[in-house]
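What follows is calculated from the coordinates using simple rules that are stated; it is not laboratory data. What you see is a predicted model, and the numbers here were worked out from it, not measured in a lab. So basically every Cβ, Gly included, is an ideal-geometry build from the backbone, and we count neighbours across all protein chains shown.
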Amino acid sequence: MSKQTISLTVNGSQVEAAAEPRTLLIHFLREQLSLTGPHIGCDTGHCGACTVDLDGQSVKSCMVFAIQAEGAEVTTIEGIAQPDGTLHALQEAFRQHHGLQCGYCTPGMITRAYRLLQENPDPSESDIRYGISGNLCRCTGYQNIVKAIQAAAQALTSVPEAAE
Amino acid sequence: MIPASFDYHRPDSVAAAVALLSAHGDEARVVAGGHSLIPMMKLRMAVPEHLVDLRDIGELKGIEVEGRKVAIGAMTTQAEVIASEALADVCPILRETSLQIADPQIRNLGTLGGNVANGDPGNDMPALMQTLDARFRVTGPEGTREIAARDFYEAAFFTALAEDEILVSIHFTAPAAGHGYAYEKQKRKIGDYATAAAAVLLEMESGQCRHAVIGLTNLADTPLVATAAAEALIGSPVDGPAIAAAAAAAEAVTEPVSDGRGPSAFRTKVAGVMVRRAILRALDRAA
């Protein structure tokens, strides 16, 4: 039950840190790796604020032990913009369309939308609403979030190489 | 919320996983997708000293469809069930049901095996597996045996699975080509368990119902097969009186608890509504 070394790829970099098996991935990212973009919202798998990309799939990082992600590739909100700081189309669209108010759900929302648009580059409004149904926002009523994701989808399909 | 400490094991074969369960007895638990167990561990309602993660066991993965015979590995995720065209071709009710479970992130990790083996009355797959008359293949130290889905559930969280056995795969014969189907689930919000849900399979021939099965979710401490409700349809043209009789017969076998989803009597009524809607939709889809 002592600490074990966990190695994985996070936002393109190979990282290694020690953690107990009971350490949740969200705590590992935030406390061991200082990646505080993914938030802890409900801690019960409902709200999606802790959403990260794990081996090409959206998951809730409060529902996975860090040790289960041994050898995996993880992308957090910190890995979504270009290395030079240029915002991803989704981040730009959330800004343009006012897709946030308090901002607490935003990292999870954008990380989820990032994967959704790779699974379905041209989603209808209902595809988007269904696709983000695991992410709760208590401020916006979702209208501007949906508009932002629609705008980002348009921007990305007109420049397909920007999708990654 | 932080779970209690445990030793983590990641075996790469069913035999190795069973050996771990045999060695550690009731101090060990297997984890599939983790979306039922990990919340219980956070609440310290489950305190395993040994966690046996099944994620690396390749033999637990995959969907095989041969003719109408279907075999699904226990570690197949809900997302994989949804994505399988071969499965949707012969038995589309699986995809329809999976799409009503939780949300996209949870379906990416949540497994069919975890959903059926956990024994939670709120899970959707147990009633569907009973409706399909599926068989569960389980492996323990003594070898492999099969348990019918209809014999598997004993009470809430109590199943016929022994402590040192692992659910390996799920097997069933898909209903005849042209069958009608529907899974209707009333829930308060995305991600919630059913207030009441009904699975209906229907086969029609010359305007008469030749075969029907109706299953019910979260309406007792085990899933239910509503035999009398199905019998009310068989031999009928599935018209108003037959549907009303089926819904009443289904309501009669429910014993839902009163909880945040509503008082027991309300949930029983919702069960009747779900059965009626599922029959109508299945009828519409039947060839």
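Classify the protein assembly as shown from the C-alpha gyration tensor, please: rounded if a/c falls under 1.5, else prolate or oblate depending on whether a/b exceeds b/c. It is oblate, given that a/c is not under 1.5 and a/b is not larger than b/c. Entry note, chain B: the mean residue ellipticity at 222 nm calculated from DSSP H runs of n ≥ 4, each adding -39500 (n - 2.57), is -9500 deg cm²/dmol after division by the residues and rounding to the nearest 500. Each of B:4, B:170, B:233 was scored by the projection of its Cα onto the charge dipole of chain B, and the greatest displacement toward the positive side belongs to B:233; charges sit on the C-beta of Lys, Arg, Asp and Glu. Distance between Cα centroids, region A:32-49 to region B:3-30: provide it in whole Å. So the separation of the two Cα centres works out to 28 Å. Under the definition of Cα pairs under 8 Å and six or more residues apart, what whole-number percent is the relative contact order of chain B? The value is 15 percent. Shielding of peptide A:58-71 by partners, expressed as the average count of other chain Cβ atoms within 10 Å per residue Cβ, is 5.
With each label modelled as a point 7 angstrom along the Cα→C-beta vector, the residue A:82-residue B:45 pair spans 4.9 nm.
Modelled label positions at residue A:127 and residue A:3, each set 7 Å beyond Cα in the direction of Cβ, lie 4.5 nm from each other.
Just need the relative contact order of region A:85-164 here, percent rounded to a whole number, with Cα pairs under 8 Å and 6+ apart. Provide the component values of the computation, followed by the final result.
Details: 76 pairs, mean separation 36.4, N = 80.
So the answer I get is 46 percent.
Report, in listed order, any pair from B:69/B:185; A:60/A:147; B:42/B:69; A:60/B:269 with a Cα-Cα distance greater than 29 Å.
B:42/B:69; A:60/B:269
The long axis of helix A:106-119 is offset from the longest Cα principal axis of chain A by roughly 70 degrees.
How large is the dipole of the protein assembly as shown about the Cα centre if only Lys and Arg carry +1 and Asp and Glu carry -1, each at its Cβ, rounded to the nearest 20 debye? Please report the intermediate quantities before stating the final value.
Values: 36 positive and 53 negative charges, 279 e Å.
Dipole about the Cα centre, nearest 20: 1340 debye.
For chain B, the longest principal axis of the Cα atoms and the long axis of helix B:264-285 meet at an angle of about 70 degrees. For chain A, the longest principal axis of the C-alpha atoms and the axis of helix A:143-158 are separated by about 90°.
When the Cα atoms of region B:136-287 are enclosed in a convex hull and the volume is divided per residue, what value in Å³ results? Numbers along the way, then the final one.
On the way: hull volume 18.6 nm³, N = 152.
Enclosed volume per residue, from the Cα hull, is 123 Å³.
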